[in-house]
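Bear in mind these aren't lab numbers, they're just calculated from the coordinates by the rules spelled out. This structure is a prediction, so every number in the text was calculated from the model and none was measured. Note that each Cβ is placed from the backbone with ideal geometry, even for glycine, and that neighbours are counted across all protein chains shown.
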Amino acid sequence: MPPKVQKPLNIRLLNSVDAQKLTALAQRVSSTTWGDEDGRKENDFDVFHHTQHVIFRFIRDNRDPEDCYANPAWDIWEPVLMPVMQAAIAPYQFRKPQFPKAMLAKLAAGHTIDPHYDGAGSNQRVHKIHVPLVTNSEATFLVNGENFHLETGKAYEVNNIVSHGAANGGPEDRIHFIFEVFESDYEDAQQNGATANV
């Protein structure tokens, strides 16, 4: 199993990304598709009462990030998702990055995601990345009691094992592309004194 990673105190700006193609695709997802995909998600938690997800990849039972699976939508979306993911994680300089989770998350206008902790298991062994696709000035991300506005065109690592949540006070739904990454070459990296933490 991969080692635990060092999380930022709250959020960390990683990199600028070109997510225009992904944003255009995400905006074309119909309300029916959002509803159908959300009904199949594994992360069906109470805090997501006004959030819908389209899951591309996920970790089985949220235990071991090396035990993950891809849904059929991954094959269709991968050519658009992968360039965004690779650009976002460039600062880590991973040799063999693995992406065990990838999803779209839509937070309805005027609603919140309750403060929560993602807990143990796989969450301590991956970097959690948010790439805002559609947002507004009244959409905020809460981490450790501080509010942040995550801008489009940028990728952020968020600390998901401390208290965090979100609010969308704006007039339109907020859509983020969220994925997780870890260095799969961790044994060789540890032997050579390299670190997967930044």
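Remarks
- Residue 33 vs. criteria hydroxyl-bearing (Ser, Thr, Tyr) and more than 17 Å from the chain's Cα centre (by Cα): yes
- Among residues of region 147-171, those that are in a strand (DSSP E or B), charged (D, E, K, R) and more than 26 Å from residue 121 (Cβ to Cβ), counted: 1
- Output for region 132-146, where each listed residue is assigned to a strand (DSSP E or B) and either closer than 18 Å to residue 20 by Cβ or among the hydrophobic types (A, V, I, L, M, F, W, C) (or both): 132, 133, 134, 139, 141, 142, 143
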